[in-house]
Amino acid sequence: MQLIAANLFNNKGSADNFNYDLYDAGIGQFLQVYKIVDAFSRVIEPNELPLCKEDEFGTYDPRSSRKDKSGKKKFEEDRALLMPFFTELMTVCVAVTDYPVEDEFLRGMAEMRKTRKTPFFMVFAAQVFLDIHHLLRKDVSRAFNTFQSGVTVLRDEIEAHIDFHRNLKIDTWPRSNDQYMANISSDIRTILRDPVYRAKERYYRRMNMLVPDSVEPNRILRMSPVLSGLVLFKYRAEVRDIAFTVVNAWGSVTYTAHLFNALSSEKLLFGEDDDANSRPLWPDMAVLRSLMLEDEQLFVGGAPSNAADYFARFCLQVGTTVNAFVGRKEKRKGPLASKAGPRGIKPETISPVTSMFIDRYVRKTGQVNWTAEHVERVVEASQWETEGSEEDHTLTMGKLTKEELARKKAQEKQKGKKPLAKPPRLTPQELIESLTRALHTESSEFAFPLLTMHRSCWRLLRAVRQQCDGVLRELFTPAYLERETELPFVVGWIFMAAATGGLPDKRPMIAAARAVRREVIRGEEGTAAIRRLRELGFPVEFHADEEGFSSWKNERHVSA
């Protein structure tokens, strides 16, 4: 290695004393990229944008073949890639201080601007940036396309929710939540308009110049798949966070899951012309429950299977009592919900690996310098397990059940008691592969459109109430429902009728089943979330398994 390093700077025929014939050999020592980064550090001014002519440092042709280039041509290509991107990064540091995310390249530029020194982590990030371009060439822009379509869907999700709830409010929902959602939508619109390009426009204007046509908007994101991915991750995490707040506050998903479970258990949902093997009855709910929500997230004590338990466990989940329903029926007024509130879904137990990056890249409060031990701990948190191998194209990923996760943790704990049972350290490649798989397997559950699911569930509750209203008024008086915000309690009234001692009345359940069949089994509401998930790049296909039930799998689409 020392000989290579010496030879890199031993070229009598080169004016800059660099041996380009050994350009590829020096990549592992970061000498070439350090040379470019260090040269830039010597000319930057802390508060000025380093604008230059587009072809001043050469041009980059992503359609060309890198392997056919000489060492000198490879150097020129790398310089042509890095120099305009340095301008993008410096523009963020100088003029867009509220840029939504920060990767190591951007963090390194900020440090170099302050200290005029070249931190190694920035050199490393620059080499990763080049490696990505060397491998993907013209396909680098696919990451930007994914980002652009992804945040547009997220913005539409937020705005559809705000419009849906414009005249539908609950007392426990603070205005600050609505403002938070409006801010996300506004921030997405701002990033799509490219604040970096706007800053350069202002700078050129002060110099009485026009931005060159060759400087296209969103260049920083078009050139950096890492930044494109991080910005998408940030907004996906923020929308996910407020979506869990929504479904917990309104109870939409949880209580329709209770209703659907009861109607399924009572075998009220199948029609004569329904094919049990074609797909699940309610595809969105099937995917949601298999991806994210196991029974303990939705049902206290597990999913019930008889009329008495439907009602009892609904009351436990919603945070109310049988007496509250009886009181409303007899006194024709009074609250149904308790002050303690319902049991909500716990998002911290979902997508544990992906969630570990939220502090660092969304809140900008997490640890920056990770070690191999940190990465290993992140990977160990995964709830998915691999089977097969990449070599023979049999690699598959399966999500562990609650019982399987418990056995896994027990085995790891038992191993930890043995003094010689320390597992072998993973190689860097194995660490990266394991982390990549863990993040990939969680991507669809992390992106699941909960706000779409919330609206579908609320529309279903409206349909159920309309279908059951006559019989519920007969059984419980018109006071059973005072306002639309109490729609989730319609499920409780249906269960109460079926669980009443003496002569249970299942007419409300039968009527509810008709609404469910119309809205989510035969209607489009049953696949609204899956359609949105497809827009986000996560197509879902259903396949009949050996037992005659519909299973599903997520097929990530990769265009040629």
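The values are calculated or read from the model by the stated rules, or taken from the named source; none is laboratory data. It should be emphasised that the depicted structure is a prediction, and the values quoted were computed from it without experimental measurement. Reconstructed Cβ throughout: ideal geometry from the backbone, glycine too, with neighbour counts over all protein chains shown. All accessible areas refer to the heavy atoms of the entire protein, side chains included, with ligands and DNA or RNA removed. Shrake-Rupley method; radii C 1.70, N 1.55, O 1.52, S 1.80 Å.
Compare T349, T97, T256 by solvent-accessible area with a 1.4 Å probe and give them largest first, with all protein chains kept in place.
T97, T349, T256
Hey, what did the stretch 42-168 get for relative contact order, percent, Cα under 8 Å, at least 6 apart?
24
Rounded, prolate or oblate for the stretch 32-169? Axes are the square roots of the Cα gyration tensor eigenvalues, ordered a ≥ b ≥ c, and the cut-off for rounded is a/c under 1.5.
Here the stretch 32-169 falls in the oblate category.
D163 to F124: extension gain in nm, 0.36 nm per residue of separation minus the Cα-Cα distance?
So the extension gain works out to 9.5 nm.
Counting only protein chains, not ligands or nucleic acids, how are I188, I162, I170, I510 ordered by accessible area (probe 1.4 Å), most first? Don't jump to the answer; show the numbers that get you there.
Numbers: I188 0, I162 50, I170 30, I510 80 Å².
So, going from the largest accessible area down, we get I510, I162, I170, I188.
With θ taken as phi - 60° and the coefficients 6.51, -1.76 and 1.60, list the Karplus ³J(HN,Hα) couplings across the stretch 192-207 in order, rounded to whole Hz; mark glycine and proline as x.
5, 7, 6, x, 5, 5, 4, 5, 5, 4, 5, 5, 4, 4, 4, 9
Quick check: Cα centre of the stretch 67-83 to Cα centre of the stretch 197-275, how many Å?
37
What length, rounded to one decimal in nm, is gained on full extension from R193 through to K506, with 0.36 nm per residue of separation minus their alpha-carbon distance?
Working it through step by step, the gained length comes to 107.1 nm.
When a/c reaches 1.5 or more, the comparison of a/b and b/c decides; with that in mind, is the stretch 138-203 rounded, prolate or oblate per its Cα gyration tensor? Please list the in-between numbers first.
Details: a/c = 3.97, a/b = 1.89, b/c = 2.10.
Oblate, because a/c is 1.5 or more while a/b does not exceed b/c.
Given the Cα-Cα distance of N183 and D469 and 0.36 nm per residue of separation, how much length would full extension add, in nm?
Working: separation 286, 0.36 × 286 = 102.96 nm, distance 3.88 nm.
Net length gain for the segment: 99.1 nm.
For V226, what accessible area in Å² do you get when you roll a 1.4 Å probe over the heavy atoms of the protein chains, rounding to the nearest 10?
60
Points 7 angstrom from Cα along the Cβ direction at T172 and R531: gap in nanometres?
Here the answer is 3.1 nm between the modelled labels.
If ligands, DNA and RNA are left out, what is the accessible area of V128 with a 1.4 Å probe, given in Å² to the nearest 10?
Rounded to the nearest 10, the figure is 60 Å².
List, in order, the whole-Hz ³J(HN,Hα) value for each residue of the stretch 74-88 obtained from phi through the Karplus relation with A = 6.51, B = -1.76, C = 1.60 and θ = phi - 60°; use x for Gly and Pro.
5, 4, 5, 5, 5, 5, 5, 6, 6, 4, x, 6, 4, 4, 4
Let me cross-check F299: its accessible surface, 1.4 Å probe, with only protein heavy atoms counted, in Å² to the nearest 10?
We get 0 Å² for F299.
Classify the stretch 449-492 as rounded, prolate or oblate, taking a ≥ b ≥ c as the square roots of the eigenvalues of its Cα gyration tensor: rounded when a/c is under 1.5, otherwise prolate if a/b is larger than b/c and oblate if not. Don't skip to the end; give the middle numbers.
Working: a/c = 3.35, a/b = 2.31, b/c = 1.45.
The shape class here is prolate.
For M83, M122, M207, give the ranking by accessible area with the largest first, probe 1.4 Å. Each step should come with its number before you reach the end.
On the way: M83 25, M122 0, M207 85 Å².
In descending accessible area the options line up as M207, M83, M122.
May I ask which of K74/K200; K69/K117; K73/K117; K35/K74 have a Cα-Cα span longer than 20 Å here?
Exceeds cut-off: K74/K200; K69/K117; K73/K117.
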